[in-house]
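Just so it is clear, none of the values below were taken in a lab; they were calculated from the coordinates. For clarity, every value in this text was computed on a predicted model and none was experimentally measured. Positions of Cβ are generated from backbone atoms using ideal geometry, with glycine treated the same way; all protein chains shown enter the neighbour counts.
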Amino acid sequence: MKEKPTLNKKGERKMKSVEEQVKNVIHKILEDEKSYKTSLNWAVNYCRHALSLSGEELKVQCLYILNNITRWRHPNAKDVRATLKAFTKR
């Protein structure tokens with residue numbers, strides 16, 4: 001029989017879901033390898049580090065990422081920025 005997962009607080013579970021969304025958009029940034037040497041030069045390292053973070057540390061790292069993708073042009077750039085910005089304001 002499968003055990004039901006134990007949940008702490010609803011807020012924590014929701015936060016994990018939001019963090020998953022943030023990490024998904026960070027993966028989108030990392031997928032744009034052709035921009036690594038131009039508009040994403042510093043953001044790449046911040047993104048790689050962010051994938052191993054959570055909670056308040058991830059929020060701070062997202063601020064660094066946002067500041068370093070201002071000149072990034074990509075079809076998903078607007079959505080990526082909006083997701084990161086919304087996460088940092090929580």
Summing +1 per Lys or Arg and -1 per Asp or Glu among the other residues with Cβ less than 11 Å from Ile65's Cβ gives +4
Computed log₁₀ I(q)/I(0) - Debye formula, equal Cα scatterers, no solvent, region 38-90, q 0.17 Å⁻¹:
-0.47
Quick one: order Lys23, Lys89, Lys16 by neighbouring beta-carbon count within 10 Å, fewest to most.
Lys89, Lys16, Lys23
With x for Gly and Pro, the residue-by-residue ³J(HN,Hα) of region 59-76, computed from phi through the Karplus equation 6.51 cos²θ - 1.76 cosθ + 1.60 at θ = phi - 60° and given in whole Hz, is 4, 4, 5, 5, 4, 4, 4, 4, 5, 9, 10, 5, 9, 6, 10, 7, x, 9
Neighbour-count ranking for Leu58, Leu51 (other C-beta within 10 angstrom, fewest to most) reads Leu51, Leu58
Please list, in order along region 39-48, the HN-Hα scalar couplings obtained from phi with the Karplus expression 6.51 cos²θ - 1.76 cosθ + 1.60 (θ = phi - 60°), rounded to whole Hz, x for Gly and Pro.
6, 10, 3, 7, 4, 4, 5, 4, 5, 4
